[in-house]
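I have placed the structure first, in the form of structure tokens, so that the comments after it can refer back to it.
Only the coordinates and a few stated rules stand behind these numbers; no lab work does. Worth saying up front: this structure is predicted, and the values here are computed from it rather than measured. Heads up, the Cβs are rebuilt from the backbone with ideal geometry, glycines too, and the neighbour counts pull from every protein chain shown.
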Amino acid sequence: MPGYGTRSAHAHFDSAPLLDAMSTGVVLLDSALCPIYANVAAQDLLAFSLNQARGRPFTDCLHDSNGLASLLKRALESGEGFADRELTVHPKATPREPRAVDVTITPFAGGATGAHLLVEIADATQRQRISRETDLVARFDSGRMMLRQLAHEVRNPLGGLRGAAQLLDRELPGDELKEYTRVIINEADRLTALVDSMNGPARPQQRTLINVHEVCEHVHRLLGAEAAPSVAIERDYDPSLPSALLDRNQLVQALLNIARNALQAVGERGRITLRTRALSNVVIAGRRHRLAASVQVQDDGPGVAPELRGSLFYPLVTGRTGGTGLGLAVAQDLVIRHGGLIEFESEPGRTIFTLMLPLEEQNH
């Protein structure tokens, strides 16, 4: 694309209509790394306006763009092309929504105006998300199998321990000593219930046509009864969300486990939001679905500890003192049984757990 001379590069960009039809973002930068041209896909992906961005360095449109800025400067100074996969960029217009992009940078001579850079930007967020979901499901399946084997090994000794405590209780002469055997029996019962929950729901699914918002309202009432007076529990529902064939009890349990975690995260004061959205043409765990429900639980607590984020849905993983680490694992299992998946994003003051549930195969 040589021959711009001293005239406007954009005025000579005769291929603009063709580039605007592309799904890949294309940005042309001058020697000061200011945008001369950006096609529609680039402006949509990075949430910026070409008219407003002209005359300013391209990276001013982004938060935390050191990785991309470094690549652009290297390409400009060396005259060599560079490429990087799944580079994270944070558009300023949507600071809470980082994007993963594949970037290809090609330098070329720009005549009297100096060197130019042609930057191709492809959205890798969806590919990254699909890869993360596939890995999550595979690891969760492995963890669930290991947990069920462990539960099987633990259950039999617990039964023997409880039985021995019952026999001892009958032989002891006074209530003072029986108090100790009852502690053993009660703890054995508690551990047996815990082992049963580790094994997951034993009964088959009982799907009926339900409104997801009825489930959300039920969970909202339960949370309201448990929450401190200074905790606000808000609702943001999408009225277009259709009814679907789902197991109500399993869905209530999954959503309640997530919501109670949020309640514990905010403590005595905070805000929790139950949010629903109808989504079309989404990929969940590697499968594309025409219609899906997104059910979110958002809280303004301190966020998930970084060291727990990679293993949060593993059984027995918890960041809470006294927690069993089974709530999220059970919730994930119940949602996976519906062909869905639970995802999360977290930073201090903003944590969102999203239950993705495919709907189209289940609708009447």
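Across segment 37-61, the residues whose backbone nitrogen lies under 11 Å from the label position 7 Å along the beta-carbon direction of K92 are 48-49, 52-54, 56-61.
Annotation: extensible slack from T24 through Y180 equals 49.1 nm (criterion: 0.36 nm per residue apart, minus Cα-Cα distance). Rounded to the nearest 0.05, what FRET efficiency do E345 and L168 have when you use their Cβ-Cβ distance and R0 = 45 Å? E(calc), rounded to 0.05, equals 0.30. Each of A109 and T273 was given a label point 7 Å from its Cα along the Cα-to-Cβ line. The distance between the two points is 5.4 nm.
A simple spin-label model places the labels of R85 and S70 1.9 nm from each other, with each point 7 Å out along Cα-to-Cβ.
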